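The values are calculated or read from the model by the stated rules, or taken from the named source; none is laboratory data. Just so it is clear, the structure is predicted and the values come from calculations on it, not from any experiment. Methodologically, a virtual Cβ is constructed for each residue, glycine included, from the backbone with ideal geometry; neighbour enumeration extends over all protein chains shown. SASA here: full protein model, heavy atoms, side chains in, ligands and nucleic acids out. Shrake-Rupley method; radii C 1.70, N 1.55, O 1.52, S 1.80 Å.
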Amino acid sequence: MNRRLFLGGFLPAPLWSVSHIRLSRPDGLPEYVDVKQYRATVLLFLSTVCPISNAYQDRVHALLKHFDGQAARLLLINANDNETSAETQQYAADVNFPVPFFKDWRNTVADRFGATLTPEAIILDANGVSRYQGAIDDARNPARVKIEAVKLAVEALLAGRPVTVKPIRAFGCAIKKVT
């Protein structure tokens, strides 16, 4: 049994944190993200082929624009083993993401943080402690969104407040893991 998961059910605060995250840039070179440089780091797991993930393109663009120039970093990550780096790069160019769309080879980042779906968000504070994990918002249809969970959680961290938004269960396509 995973000790962190077992003990995490009994303790009020997270047991672990992370300071660096290693991802692959679109050119294939590694990039190390130091979460201590930001008040909030958002790991946003996306897919090039999942229709639910693709339906969030406009909302991802809105988040990137909303937090541009602030002490938050949004990392767009593709962890699907069945989607190539070239497909990921082409998709990012087609939807015109203004930030890199990283590749998570062998699902190391997804596994490290327990991400299983696309789209799914994990928000870390400046100490690398996970403060939110779940859906970007509470509705597939943008017209029905009542709770913009990622936006609220990041805004709380930027303001130095605790994250009080309750996790919303992520919905979408399963991350295709390395077998």
Residue satisfying condition, being out of contact with any Pro (no Cβ under 6 Å at 6 or more places or on another chain) and within 20 Å of residue 77 (Cβ to Cβ), within set 166, 146, 177: 177
Among the residues of the range 42-82, which ones are among the aliphatic types (A, V, I, L, M), open to solvent by 50 Å² or more (accessible area, probe 1.4 Å) and closer than 13 Å to residue 118 by Cβ? 49, 55
Criterion violated by residue 85 - all others in (1) modelled with pLDDT under 95; (2) farther than 28 Å from residue 156 by Cβ; (3) open to solvent by 40 Å² or more (accessible area, probe 1.4 Å) satisfied: (3)
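Condition check ((1) closer than 21 Å to residue 110 by Cβ; (2) touching a residue at least 60 places away in the same chain (Cβ under 8 Å)) across all residues:
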site	(1), (2)
39	no, yes
69	no, no
73	yes, no
77	yes, no
87	yes, no
Among (1) over 20 Å from residue 47 (Cβ atoms); (2) open to solvent by 30 Å² or more (accessible area, probe 1.4 Å); (3) outside any loop (DSSP other than H, G, I, E, B), there is one condition residue 133 misses while meeting the rest; what is its number? (1)
Being in a loop (DSSP other than H, G, I, E, B) and in contact (Cβ under 8 Å) with a residue 60 or more places away in the chain is the filter; apply it to the range 89-106 and report the residue that is least open to solvent (accessible area, probe 1.4 Å). 104
All but one of (1) assigned to a helix (DSSP H, G or I); (2) surrounded by 14 or more Cβ atoms within 10 Å (Cβ to Cβ) hold for residue 143, so report the exception by its number. (2)
Out of (1) open to solvent by 40 Å² or more (accessible area, probe 1.4 Å); (2) touching a Leu at 6+ places or on another chain (Cβ under 9 Å); (3) at pLDDT below 95, the one residue 39 does not meet is (3)
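Is it fair to say residue 37 is farther than 26 Å from residue 83 by Cα and among the polar types (S, T, N, Q)?
yes
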Just checking, how many residues over the range 146-170 are open to solvent by less than 40 Å² (accessible area, probe 1.4 Å) and part of a loop (DSSP other than H, G, I, E, B)? 4
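Can you pull out every residue in the range 113-127 that is farther than 17 Å from residue 152 by Cβ, in contact with a strand residue (DSSP E or B) (Cβ under 8 Å, 6 or more places away or on another chain) and surrounded by fewer than 24 Cβ atoms within 10 Å (Cβ to Cβ)?
113, 114, 115, 116, 117, 126
Which of the residues that make up the range 15-37 are among the β-branched types (Val, Ile, Thr), farther than 13 Å from residue 105 by Cα and part of a strand (DSSP E or B)?
The one that is among the β-branched types (Val, Ile, Thr), farther than 13 Å from residue 105 by Cα and part of a strand (DSSP E or B): 33.
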